[in-house]
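Structure record follows, encoded as structure tokens.
The values are calculated or read from the model by the stated rules, or taken from the named source; none is laboratory data. Bear in mind the structure is a predicted one, so any value in this text is a computation, not a measurement. All Cβ positions, glycine included, derive from the backbone under ideal geometry; neighbour counts span all protein chains shown. Note: areas computed on protein heavy atoms with side chains; ligands, DNA, RNA excluded. Shrake-Rupley method; radii C 1.70, N 1.55, O 1.52, S 1.80 Å.
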Amino acid sequence: MDKQEQLWFFFQFLQEIEKEMSKEEKKQVMIEKAINLKLMCDYVVSCSYGDIVLIICMLHDYVKMLDELRSDIQWKVYYREKFIKMADRLSEQIGYDYDAALEKCKKKLGQEEKSSDIGEDGLALTMKYGRKRKGEK
């Protein structure tokens, strides 16, 4: 899969995730005690369940893309682990399974690809009905 196809898959995956979210899941999630150490104050941040799911997906996808581009020690040892831990921690807190959602999306996209040649199906049906009409005459 080349880079453009991979990006297209990631965007399709995120769209599938958004489609599956119900109105209930779009309710706000409160993140309390987000502390700014420089200003020494804390905040309450709110975002939707869907926003957190998208953050988790983007972190995983970002790691996959950078794995192909970078091989330096700093990426492998520090940043990669930091992003994966962040995504895993968020997933655990909201009960989201990224790997299961990814497999479900791959299966769905695989089924769409099998039936994506509508032109061929239309041509086959035209030939089928054309033969029947010739037999009737």
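Some values worked out for this structure:
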quantity	calculated
Answer residue from region 93-116, given it is outside any helix (DSSP H, G or I) and surrounded by fewer than 11 Cβ atoms within 10 Å (Cβ to Cβ) and is modelled with the lowest pLDDT among those	Ser115
Qualifying residue in region 6-29 (condition: aliphatic (A, V, I, L, M), open to solvent by 60 Å² or more (accessible area, probe 1.4 Å), at pLDDT 75 or above and out of contact with any strand residue (DSSP E or B) (no Cβ under 6 Å at 6 or more places or on another chain))	no
Subset of region 75-92 [open to solvent by 90 Å² or more (accessible area, probe 1.4 Å) and more than 21 Å from Ser48 (Cα to Cα)]	Val77, Tyr78, Lys82
